[in-house]
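> A single structure is presented below for examination.
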Amino acid sequence: MIQVVGHTNPDSDSICSALVAADWLKAARGYEAVALAQGEVTSETAFILEQAGVQAPAICESVAGQKVWLVDYTDLTQAPRGIEEAEIVGIVDHHRLGDVTTTNPLEAWIWPVGCSCTILYHLFKMENVEITRANAVLMLGAIVSDTVAFRSPTCTEKDRVAAEALTDIAGINLDAFCDQLMQVKTNIEGLSVDSLVDRDLKKYPMGEDFVVVGQIEIASFDQVDDKVEAMQAELKKRCTEEGFKLSALMVTNIATSVTKLLFQGEWSEKLAAHASEANIVMMENTLSRKKQGWPWLQTVLG
Ligand SMILES: [Mn+2]
């Protein structure tokens, strides 16, 4: 049995890719496979699952001694417990190559596209496997989410081709679906500050040290004005309690493509020259952590 599992603090792509990849492994390869998640789904993912009529994957406890297929990451810091004693048999991902290593040859599909589900769509095509409506909705939802409705600089022609074909199979109105999904994505009402910081928090190794960078997407900065102070306090707490050299949160306004980067920690001084006010950098035309936020931080922290 192959355990197909996405990254920690799972986003929609991580969940949808795990579900779809498990189906692809069964249909295209005849393997036994099961999708797992490293945490509860967000309300955005719940919306996509509901549209698809699919249940959320079970929570992954430990993968020690198991065959594992990674979707949407290749960093050990984002992998489940027991990964050192697991056999990684495959990868579908669209991030920079991380630090996983394997003992046996593996199947690795890593493309510089906007979404892991885009790669999966092309794998279904490659193997001539029929795409069900449920899987089409899951893949489309992940693509719309990851590319911020095709507006992110991470979005490629391959994502657009996949989304167009999947829209036909899903039989839905793409514009309406994008609007609905963006609304759920940017709705942070009733969410606690620590859950917002955790929501999409990623841990990156830098030499011997670690930094964490989270991201939340909103439709207007008014939504967070009264939360910034508490968010900064929460970021500071992460540094003192967990020893991170920097903890940062990209607060991204998807309506204007402006990101407010909040940051705390010992390495804050490296960012001070770029700050518009204490512990805040304003980043124009910035939607993507992978392609914009994190590369910029790496250079400045480097
Ligand atoms: Mn992704």
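The values are calculated or read from the model by the stated rules, or taken from the named source; none is laboratory data. These numbers come from a predicted model, not from an experiment. Counting neighbours? That spans all protein chains shown, and the Cβs are built from the backbone with ideal geometry, glycine included. Heads up: the accessible areas ignore ligands, DNA and RNA and are worked out on the full protein's heavy atoms, side chains in. Shrake-Rupley method; radii C 1.70, N 1.55, O 1.52, S 1.80 Å.
> Read through the list (1) in contact (Cβ under 8 Å) with a residue 60 or more places away in the chain; (2) within 16 Å of the ligand (Cβ to nearest atom), then give the number of the only condition that Ile2 fails.
(2)
> Going through region 268-286 one residue at a time, which ones are more than 18 Å from Val228 (Cα to Cα) and open to solvent by 40 Å² or more (accessible area, probe 1.4 Å)?
Result: Glu269, Lys270, Ala273, His274, Glu284, Asn285.
> Within region 165-186, count every residue that is open to solvent by 30 Å² or more (accessible area, probe 1.4 Å) and either farther than 14 Å from Cys117 by Cβ or outside any helix (DSSP H, G or I) (or both).
The qualifying residues number 11.
> A follow-up question, please. Taking the conditions exactly as written (within 16 Å of the ligand (Cβ to nearest atom) and hydrophobic (A, V, I, L, M, F, W, C)), does Ala142 satisfy them or not?
Yes, satisfied.
> Count, please, the residues in region 9-28 that happen to be of a type outside the set (Gly, Ala, Ser), open to solvent by 40 Å² or more (accessible area, probe 1.4 Å) and either in contact (Cβ under 8 Å) with a residue 40 or more places away in the chain or within 12 Å of the ligand (Cβ to nearest atom) (or both).
2
> Right, here's the next one. For Glu189, indicate whether it is over 25 Å from Gly98 (Cα atoms) and open to solvent by 30 Å² or more (accessible area, probe 1.4 Å).
yes
> Which ones in region 85-101 are more than 16 Å from Val4 (Cα to Cα) and more than 14 Å from the chain's Cα centre (by Cα)?
Leu97, Gly98, Asp99, Thr101
> Now a separate question. Which one of these does Leu191 not meet: (1) in contact (Cβ under 8 Å) with a residue 40 or more places away in the chain; (2) within 30 Å of Glu229 (Cβ to Cβ)?
(1)
> Does any residue of region 166-173 turn out to be of a type in the set (Asp, Glu), at pLDDT 95 or above and over 27 Å from Asp93 (Cβ atoms)?
No, because not a single residue in region 166-173 is of a type in the set (Asp, Glu), at pLDDT 95 or above and over 27 Å from Asp93 (Cβ atoms).
> Next up: Grab the strands (runs of 3 or more DSSP E) fully contained in region 194-274, keeping just those with 2 or more residues being over 30 Å from Gln183 (Cβ atoms), within 21 Å of the chain's Cα centre (by Cα) and modelled with pLDDT under 95.
202-206
> Hey, another quick one. Determine whether Asn135 is modelled with pLDDT of 95 or more and open to solvent by 20 Å² or more (accessible area, probe 1.4 Å).
No: the conditions fail for Asn135.
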